[in-house]
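Contents: one structure, followed by commentary.
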Amino acid sequence: MLTINEIFHSIQGESTYAGAPCVFVRLTACDLRCTWCDTPYAFTEGAKRTVAEVVEAVAAFGCQLVEITGGEPLLQDDVYPLMAQLRNRGLTVLVETGGHISVDRVPAGVVKIIDVKCPGSGESARNHWPNLGLLGPADEVKFVIRDRADYEFARGVVIRHELVGTCAAVLFSPVHNVLPPPELASWILADQLAVRLQLQVHKYIWGADARGV
Ligand code: SF4
């Protein structure tokens, strides 16, 4: 059984899949409280669904790409059979996790998008660093960056863990309406850092506060 906050069909707003039609399965609950969290409604709101019901709901959209997100999706044990069954249907499955829970049980073939929490999130002490050793060539690492201190933290992690080249992409995402994208762009360019500046496309299409899109 899973507690599901929402299932919806939209345009992927993040990662290297940005712009592609995607079904989102948002699982309820998170044990972090990032200062800039844009999905606090997922902390408690949700309804029970079986794994089979969720798989059928996803399949009904007829979309090749599905993202399992939250909240923190890895808090619920049945997320693992859910990911496996979606893969068995031939779908491309992404899982976005806050990065504080081991990804070692994520089924093979699922694309892991792992957050590394910067100090501005208030949750950087929770990073589960061994996750960076479990990255495969299709996986991605995301840093949400609030200010210059966050940028310098992220840059240090990228260099120390040699992340560029060990996974599909390293994403630097400015906190929406807090860190101006041109500022982050100028820092990346000045340091000749081979990371990818990511804007949250869905917020430009539907606005920052829209839900279920
Ligand atoms: S991990 Fe994600 S869902 Fe949880 S508080 Fe942080 S941003 Fe919000």
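The values are calculated or read from the model by the stated rules, or taken from the named source; none is laboratory data. Bear in mind that the values here come from a model prediction, so they are computed numbers and not experimental data. Please note: Cβ atoms are built from the backbone with ideal geometry, for glycine as well, and neighbour counts cover all protein chains shown. To get the accessible areas, we keep the full protein, side chains included, count just its heavy atoms, and leave off ligands, DNA and RNA. Shrake-Rupley method; radii C 1.70, N 1.55, O 1.52, S 1.80 Å.
Observations on the structure shown:
- Residue in the range 181-198 that is at pLDDT below 95, closer than 20 Å to GLY19 by Cβ and surrounded by 15 or more Cβ atoms within 10 Å (Cβ to Cβ) present: no
- So GLU72, is it at pLDDT 95 or above, within 16 Å of the ligand (Cβ to nearest atom) and crowded, with 17+ Cβ neighbours inside 10 Å: yes
- The residue of the range 108-151 that is nearest to the chain's Cα centre (by Cα), among those that are surrounded by 16 or more Cβ atoms within 10 Å (Cβ to Cβ), under 13 Å from THR166 (Cβ atoms) and more than 16 Å from the ligand (Cβ to nearest atom), is ASP139.
- Which listed residue is open to solvent by 30 Å² or more (accessible area, probe 1.4 Å), within 21 Å of GLN200 (Cα to Cα) and not charged (D, E, K, R), from GLY13, GLY46, GLY19: GLY19
- Selected residue (only one of ALA185, ALA149, ALA138 is of a type in the set (A, V, I, L, M, F, W, C), in a loop (DSSP other than H, G, I, E, B) and out of contact with any His (no Cβ under 9 Å at 6 or more places or on another chain)): ALA138
- Of all residues making up the range 199-212, the number that are part of a loop (DSSP other than H, G, I, E, B) and open to solvent by 50 Å² or more (accessible area, probe 1.4 Å): 3
- Of all the listed residues (THR50, THR35, THR69, THR44), the sole one being within 15 Å of the chain's Cα centre (by Cα) and β-branched (Val, Ile, Thr) is THR69.
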